[in-house]
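Worksheet: one structure, shown below.
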Amino acid sequence: MKPLVKLITAAVLPALALGCATAKYINHDGRDSVVNVGQINTQDWIRAADELTQSLLLSGALGSVAGKPKVLMIGRIKNNTTQHIDTDSLMKKIRVALNKGGRALTTTAVGLDGPEDESSKAVRELRADDEFNQATIPGKGNLVSPDYSLSGKIIQNNARAKRGLLPTIRQSEFAFQLSLTDLKTGLAVWEEEKLIVKQGSRAAVGW
Amino acid sequence: MRSVCHLVFVLLLTGCASYESQTRSFRGAWNGGSTGQAAQIASREAGKRSDSRDAVVWFLEQGAALRAAGQFAASNHAFEQAEKRIAFYDRQAKLRLSREATGLLTNLAALPYEGRGYDRVMLNTYQALNYLQLGQAEAALVELRQAHAEQDAEVVRNARRIVAARKSAGEYERAIRRANLDELQPDIALDYGAFVNPFTDFLHALCLWSLAADDRENALVSLRRIHSTLGGPEFLADEIKLVDRILGGAKHPDLTYVIFETGVAPIRREVRLDVPLFDKNVPYVAAAFPRLERRGNSTPAHVAIGGAKREATLICDMDAVVGRDFRTELPAVIFRTLAATAAKAAVAKKVREEAGDLGAIAGLLYQATTAQADLRTWTTLPKAFRVCRVETPGDRKLTLLVGPQKNEVTVNTGRVNVVCVKSFAPGAPLHIQQFRLK
């Protein structure tokens with residue numbers, strides 16, 4: 001009987017283990033997402049971007065004239081955290097919201113270290129190429145200079161505390177700071193900071 | 001009689017030369033700076049052993065030797081073979097306990113070499129350098145991101161290894177816990193943390209700020225981390241200031257980074273120790289363990305332009321990286337070795353009781369031949385990585401000095417260039433390669 005029990009156990013246990021290892025789609029709004037105390041998770045990017053965009057739109061700093069959207073360039077977003085993060089996750093969400101709202105357009109032809117998209121420049125280099133119909137190539141003076149630049153910083157502060165026999169509590173605070181600078185005057189016409197603070201008893205994952 | 005036959009079968013499984021003796025001619029060629037010959041030997045051995053338990057370590061040797069010989073695409077192919085094998089072993093992790101059982105009856109060298117923590121990081125780092133040399137910047141960044149992820153993943157894998165080793169120790173677990181084997185602990189001058197390789201982080205930072213279209217700010221995160229890990233060297237403080245200015249849009253002069261890979265990493269030697277287990281059946285065991293042995297001394301390196309000489313900063317002491325990994329993996333090695341030795345002693349005792357004198361001889365033979373430490377290690381890794389940054393001079397000529405050896409190089413045109421200098425044993429010629437980042 002004993003070998004039979006072993007055999008059944010050996011057959012059933014892997015099946016149970018496989019049963020637990022299923023993949024599924026979840027809502028990305030945060031309720032079902034993984035939460036890491038020491039990291040910026042997807043839902044944190046979404047929350048920070050939503051709140052910063054709302055603040056920018058409500059401030060009136062991007063006041064458009066006769067419904068004409070303002071032009072933004074993306075400046076430097078400093079990463080002052082202790083981890084490698086993709087700051088584009090924040091900026092892209094803000095850019096998409098501003099673009100959809102018709103309040104601002106982002107130029108990809110100007111950037112601190114050259115254009116974000118080299119295509120505007122590349123297409124102009126065809127001006128001397130006879131193989132191309134020159135009437136279809138953009139003429140000089142069509143590129144639009146930005147009105148504003150959006151720059152910022154992401155800061156991380158960690159703290160931990162031990163209370164009696166309870167496990168050590170770890171806390172991570174992420175500050176998302178953004179500034180909108182009027183490029184004519186060099187003045188910051190809007191500034192905002194959004195904090196996301198997370199606590200947990202371990203560095204591990206929670207839901 | 002049946003038990004004697006079983007022992008003979010196990011002996012047939014294990015009777016192989018140690019890695020130290022397998023690699024003797026290869027190491028001779030490598031240490032003498034004959035990279036072409038070393039690449040030939042490694043390619044031959046890797047081909048012969050591509051389906052064996054030593055495949056990964058030989059693919060790693062082959063990749064490093066081909067890289068040093070300037071065959072970058074072939075080198076990456078060898079590294080990819082190693083990577084595929086490692087991924088295969090990772091997928092098989094659930095079968096680890098059955099493999100532990102093989103180790104219990106034979107020795108740890110009879111188990112497949114799955115790639116140590118620093119192997120995995122260095123494998124991606126060398127692949128990245130090869131891609132940079134081949135002008136494939138995006139592929140290089142992918143490798144460096146993988147290396148970064150490997151450093152974290154290995155911490156988890158090592159914890160799993162220790163748990164598996166404890167389980168495999170079974171009835172001897174408590175006895176082994178009491179065993180004091182401090183003499184196996186390597187002497188580490190620097191501690192970067194588990195599975196951390198500051199050179200990989202430095203190269204990642206350099207590629208991020210000079211090559212990447214986004215994530216460039218992450219270069220500063222890496223540089224700050226290395227700066228703090230290495231105790232705040234002046235070179236890195238300057239580098240942080242420079243990169244901060246460049247990311248802020250400041251122009252910079254043409255720069256050349258000279259990476260010196262000097263010397264050779266430690267190898268593993270076997271040491272036999274008598275360890276009391278205080279078990280009624282197996283009171284003590286004589287077991288074979290690996291011990292790290294450093295090779296050669298650290299050599300300073302300099303870059304001279306005209307009369308001015310600048311010393312390269314030690315970014316990564318590979319002796320420390322290998323030593324730290326060795327120390328982290330040591331609990332699992334001790335558990336597995338002592339459990340295996342105790343299990344074998346128990347088997348030999350049973351055979352002696354069942355088969356008399358013949359059994360006693362077979363048992364002794366079995367214990368003697370299967371008591372072999374796992375000495376496999378990537379021998380072509382360097383002893384140290386040093387880096388020096390200079391403004392590229394007008395005539396683009398640099399003099400590179402490693403100890404008493406001296407070479408001149410004319411740097412490519414470009415805003416950011418990298419020159420890789422590899423030194424071997426004293427007297428062997430320096431190997432110089434270069435590529436343009438920007």
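The values are calculated or read from the model by the stated rules, or taken from the named source; none is laboratory data. Computed from a prediction, not measured in an experiment: that's the story for all the values here. With ideal geometry, Cβ positions are generated from the backbone for all residues, glycine too; neighbour counts draw on all protein chains shown.
From the residues in segment A:68-80 that are touching a strand residue (DSSP E or B) at 6+ places or on another chain (Cβ under 9 Å) and either facing chain B (nearest Cβ under 7 Å) or free of Cβ contacts under 8 Å to residues at least 12 places away in the same chain (or both), which one is farthest from A:LEU56 (Cα to Cα)?
A:ASN79
Within the bounds of segment A:99-114, is there any residue that is in contact (Cβ under 8 Å) with a residue 60 or more places away in the chain and not aromatic (Phe, Trp, Tyr)?
No: segment A:99-114 contains no residue that is in contact (Cβ under 8 Å) with a residue 60 or more places away in the chain and not aromatic (Phe, Trp, Tyr).
For the list (1) modelled with pLDDT of 95 or more; (2) assigned to a helix (DSSP H, G or I), I need the number of the one condition that B:GLY70 fails.
(2)
Give the residues of segment B:310-341 that are over 15 Å from the mean Cα position of the chain (by Cα), of a type in the set (Lys, Arg) and surrounded by fewer than 22 Cβ atoms within 10 Å (Cβ to Cβ), sorted by residue number.
Hit for segment B:310-341 is B:ARG310, nothing else.
Determine whether B:ILE240 is within 14 Å of another protein chain (Cβ to nearest Cβ) and in contact with a Lys or Arg (Cβ under 8 Å, 6 or more places away or on another chain).
In short, yes.
Are any of the residues in segment A:132-154 facing chain B (nearest Cβ under 10 Å), among the aliphatic types (A, V, I, L, M), surrounded by fewer than 18 Cβ atoms within 10 Å (Cβ to Cβ) and closer than 27 Å to B:ASN218 by Cβ?
So far as segment A:132-154 goes, no, none of its residues is facing chain B (nearest Cβ under 10 Å), among the aliphatic types (A, V, I, L, M), surrounded by fewer than 18 Cβ atoms within 10 Å (Cβ to Cβ) and closer than 27 Å to B:ASN218 by Cβ.
Yes/no matrix, rows are residues, columns are (1) in contact (Cβ under 8 Å) with a residue 24 or more places away in the chain; (2) touching a Leu at 6+ places or on another chain (Cβ under 7 Å); (3) more than 10 Å from chain A (Cβ to nearest Cβ); (4) surrounded by fewer than 24 Cβ atoms within 10 Å (Cβ to Cβ):
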residue: B:ASP191; (1), (2), (3), (4): yes, no, yes, yes
residue: B:PHE195; (1), (2), (3), (4): yes, no, yes, yes
residue: B:PHE199; (1), (2), (3), (4): yes, no, yes, no
residue: B:LEU203; (1), (2), (3), (4): yes, yes, yes, no
residue: B:LEU208; (1), (2), (3), (4): yes, no, no, no
residue: B:ASP215; (1), (2), (3), (4): no, yes, no, yes
residue: B:LEU223; (1), (2), (3), (4): no, yes, yes, no
residue: B:HIS227; (1), (2), (3), (4): no, yes, yes, yes
residue: B:GLY231; (1), (2), (3), (4): no, no, yes, yes
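Within segment B:97-112, is even one residue under 16 Å from the mean Cα position of the chain (by Cα), at pLDDT below 75 and surrounded by 15 or more Cβ atoms within 10 Å (Cβ to Cβ)?
Looking through segment B:97-112, none of the residues is under 16 Å from the mean Cα position of the chain (by Cα), at pLDDT below 75 and surrounded by 15 or more Cβ atoms within 10 Å (Cβ to Cβ).
Can you spot a residue in segment A:88-107 that is outside any helix (DSSP H, G or I) and facing chain B (nearest Cβ under 9 Å)?
no
Give A:GLU125, A:GLU116 a once-over and let me know the one that is over 14 Å from the mean Cα position of the chain (by Cα) and within 14 Å of chain B (Cβ to nearest Cβ).
On inspection, the qualifying residue turns out to be A:GLU116.
Could you identify the single residue in A:ILE46, A:ILE40 that is part of a loop (DSSP other than H, G, I, E, B), away from chain B (no Cβ under 11 Å) and under 12 Å from the mean Cα position of the chain (by Cα)?
Among A:ILE46, A:ILE40, only A:ILE40 is part of a loop (DSSP other than H, G, I, E, B), away from chain B (no Cβ under 11 Å) and under 12 Å from the mean Cα position of the chain (by Cα).
Quick one: is B:GLY32 under 24 Å from B:ARG269 (Cβ atoms), at pLDDT below 95 and out of contact with any Phe, Trp or Tyr (no Cβ under 6 Å at 6 or more places or on another chain)?
Criteria met by B:GLY32.
Can you tell me which residue in segment A:161-173 is farthest from A:LEU62 (Cα to Cα), limited to those that are of a type outside the set (A, V, I, L, M, F, W, C) and either surrounded by 10 or more Cβ atoms within 10 Å (Cβ to Cβ) or in contact with a Phe, Trp or Tyr (Cβ under 7 Å, 6 or more places away or on another chain) (or both)?
A:PRO167
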